[in-house]
Amino acid sequence: MLTRLRDRLADLLERPIVGRVLRLLGVAVVTAGVSGLGVYGVCNYHRFARVATVEVVGNHHASVVALRHLADVHEGDALLLIDLNTVIRQVMRHPWVAEVEVERVYPGGLRVHVQEHEDVLLLSHAGHLYRVNPSGEVFLRARGDGLDRPVLTGLDDRLVEQYGPVARRIVLDALHILDLVGESGVIQPEDLSELHFDEALGFTLLLRNGGLLRFGFRDPAQQLLRLGVMARNGLDLSVPHHIDLDLDGLAVATPLSS
C-alpha cells in the first residue's frame with residue numbers, strides 16, 4: 001500500500017500543473033521572506049543608521065556641551081557616514097583635551113572618549129597665570145578655580161620670547177624639582193607655594209608657611225638629600241626658615257622669626 005501511495009505522489013509531481021503550483025508556492029515563500037526582511041530593515045533603519053545619542057566620557061574640566069559642540073554631530077545624522085577622524089580633530093581643539101577616541105555604538109550611538117591634561121604647575125608670565133602639564137606643555141590660561149598649584153615665577157618676556165628653548169628648559173627643570181620633592185618625603189608638593197627662577201641665582205623654593213629654600217643651579221636631588229639630613233638632625237621645617245643650600249659643603253638655616 002505504501003508503494004502505491006508513493007507511486008501516485010510521484011505521478012502527481014510529474015504532471016505540469018502540479019509542478020507549476022509548487023514552484024509558485026516556493027517563489028511566494030521566498031518573496032515573503034525577503035519582503036519581511038525588507039520591512040524589518042525599513043522599520044529599524046533609523047534606529048541603527050541614524051545618530052540618536054552622543055555620549056561624552058572621561059571629561060572633568062571640559063563641559064559636555066562644549067565637547068558636543070566641537071564634535072558637530074547631531075541627532076539624525078547618518079551614523080555610518082560620520083568621519084571619526086574629523087570628530088577627533090575637532091574635539092582636540094578644546095584646550096583641556098589631550099587625547100580623544102571616538103567609536104560608533106550600535107544602535108544609533110556615538111561615544112567620545114576624552115583624556116584631559118593634568119595641570120601640575122602654574123606659570124606666571126606677562127601678568128597672567130598659565131596651566132602646565134607634566135610634559136611641560138603650557139596648554140591653557142588659568143582662570144577661576146584650581147589655582148592652588150605651585151607657581152613658577154621669574155620667566156620674563158625677553159627670556160620667553162627671545163630664548164624659547166631656554167624658557168622651556170627652565171619649565172622642565174621646575175617640574176623635575178616638583179617630582180623630586182614628592183619623592184623625597186622631606187617636604188610635600190602641597191607645601192610649595194612658588195618656584196622662583198633667577199638667571200643669576202637659579203631656583204628658590206618658597207613654602208606656604210613662609211619658609212624659603214635656596215637651591216641655586218645645583219642638583220636638586222642632592223639639595224633635598226642635604227635638607228633631609230638637616231631635618232633628621234633636628235631642623236623643624238614646620239617653622240619658617242631661610243635655608244641656603246647653594247653653598248659648597250655647607251647649608252645654612254636661619255629662622256625667619258629672628
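We did not get these values from a lab; they are worked out from the coordinates using the rules stated. Remember, it's a predicted structure, so these values are computed and weren't measured experimentally. Note that each Cβ is placed from the backbone with ideal geometry, even for glycine, and that neighbours are counted across all protein chains shown.
If the segment from S124 to R218 were pulled out straight at 0.36 nm per residue, it would be longer than the present Cα-Cα gap by 31.5 nm.
Tell me the net charge near R89. Cut-off is 13 Å between Cβ atoms, R89 excluded, with +1 for each Lys or Arg and -1 for each Asp or Glu.
Details: positive: R93; negative: D72, D83, E99, E101.
Net charge around R89: -3.
Among L250, L67, the ranking by other beta carbons within 10 Å of each residue's beta carbon, starting with the fewest, stands as L250, L67. Count Lys and Arg as plus one, Asp and Glu as minus one, and take only other residues whose Cβ is under 14 Å from that of L140; the net charge is then 0. Annotation: the residues Y106, Y163, Y130, sorted from fewest to most other C-beta atoms within 10 Å of their own C-beta, follow the order Y106, Y163, Y130. Spin-label model, D77/R141: points 7 Å from Cα along the beta carbon direction are separated by 2.9 nm.
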